[in-house]
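For reference, the structure I am asking about is given below.
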Amino acid sequence: PDVMAEEGIKKLKKKKYDDAIETFEKVKDRYPYSEQALLAQIKLADAYYYKKKFDEALAAYKEFEKLHPTNKAVPYCVFRQGLCYYRQRSTIDRDQTFTHKALAEFRRLKQKFPKCEYIPKVEKYMARCVQDLAENEFYVAEFYFKTKRYQAALDRYQVVLQDYPNFSKKAQAQKHLEE
């Protein structure tokens, strides 16, 4: 298992993700109780992540966390789960489900592992998620305002002002709210 795991890591570094996935799968299947099987599970998820197969990566990270809840790699897996959602975010004029999910994972990481090494990065990703959600609310409010659906616009502007106090277009939202 040591040789196979090392081979998989080399393939991962060379960006041969399909080969790496295959190798890590073999390690997991052939040596399920070895130390390398744990490494292979994480590296398998990483290979999917780098290949931009975020759903598969997410499933692999979640499986690792579920099977090994006390392992020292769990904060890494939670961080990567957040990143899987984060990388699937859409523009502010589209559905923000992935942004909400990314933010939830990052918050979970902060709550469960407040001292872990990923917190500085998580802070930046969370700020971006909050910014995107505020922009989305504002965008929708503007749409309703322009189409003269004032009650819907009012509700959205109120959400912007209440939920996103540091939003850059707060003054604009306040102005429209008063109108």
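For ALA102, only one of the following conditions fails: (1) under 16 Å from the mean Cα position of the chain (by Cα); (2) in a helix (DSSP H, G or I); (3) surrounded by fewer than 20 Cβ atoms within 10 Å (Cβ to Cβ). What is its number?
Every listed condition holds for ALA102 apart from (3).
Could you identify the single residue in LYS66, LYS51 that is out of contact with any Asp or Glu (no Cβ under 8 Å at 6 or more places or on another chain) and open to solvent by 50 Å² or more (accessible area, probe 1.4 Å)? Lay out the reasoning, then the answer.
On the way: LYS51 fails: out of contact with any Asp or Glu (no Cβ under 8 Å at 6 or more places or on another chain).
Result: LYS66 is the single residue among LYS66, LYS51 that is out of contact with any Asp or Glu (no Cβ under 8 Å at 6 or more places or on another chain) and open to solvent by 50 Å² or more (accessible area, probe 1.4 Å).
Here's another thing I want to ask about it. What do you reckon, is THR147 open to solvent by 30 Å² or more (accessible area, probe 1.4 Å), over 30 Å from GLN81 (Cβ atoms) and among the β-branched types (Val, Ile, Thr)?
On the way: open to solvent by 30 Å² or more (accessible area, probe 1.4 Å): yes; over 30 Å from GLN81 (Cβ atoms): yes; among the β-branched types (Val, Ile, Thr): yes.
Yes: the conditions hold for THR147.
Please identify the pairs in which a residue from region 134-154 that is without any contact (Cβ under 8 Å) to a residue 24 or more places away in the chain and of a type in the set (Val, Ile, Thr) has its Cβ atom under 9 Å from the Cβ atom of a residue that is surrounded by fewer than 16 Cβ atoms within 10 Å (Cβ to Cβ) and outside any helix (DSSP H, G or I), counting only partners at least 6 apart or on another chain.
Close Cβ pairs (under 9 Å, with a partner that is surrounded by fewer than 16 Cβ atoms within 10 Å (Cβ to Cβ) and outside any helix (DSSP H, G or I)) amount to VAL140/ASP93.
Moving on. Tell me, which helices (runs of 4 or more DSSP H) wholly within region 1-71 include 2 or more residues that are touching a residue at least 40 places away in the same chain (Cβ under 8 Å)? Spell out the reasoning first.
On the way: elements: 2-13, 17-30, 35-50, 54-67.
Answer list for region 1-71: none.
Name the residues in region 150-177 that are part of a loop (DSSP other than H, G, I, E, B) and surrounded by fewer than 12 Cβ atoms within 10 Å (Cβ to Cβ), would you? Reasoning before the result, please.
Keep residues of region 150-177 that are part of a loop (DSSP other than H, G, I, E, B), which gives 164-169.
Matches in region 150-177: PRO165, ASN166, SER168.
The values are calculated or read from the model by the stated rules, or taken from the named source; none is laboratory data. As the structure is a computational prediction, the values presented were derived from the model and not from experiment. Please note: Cβ atoms are built from the backbone with ideal geometry, for glycine as well, and neighbour counts cover all protein chains shown. All accessible areas refer to the heavy atoms of the entire protein, side chains included, with ligands and DNA or RNA removed. Shrake-Rupley method; radii C 1.70, N 1.55, O 1.52, S 1.80 Å.
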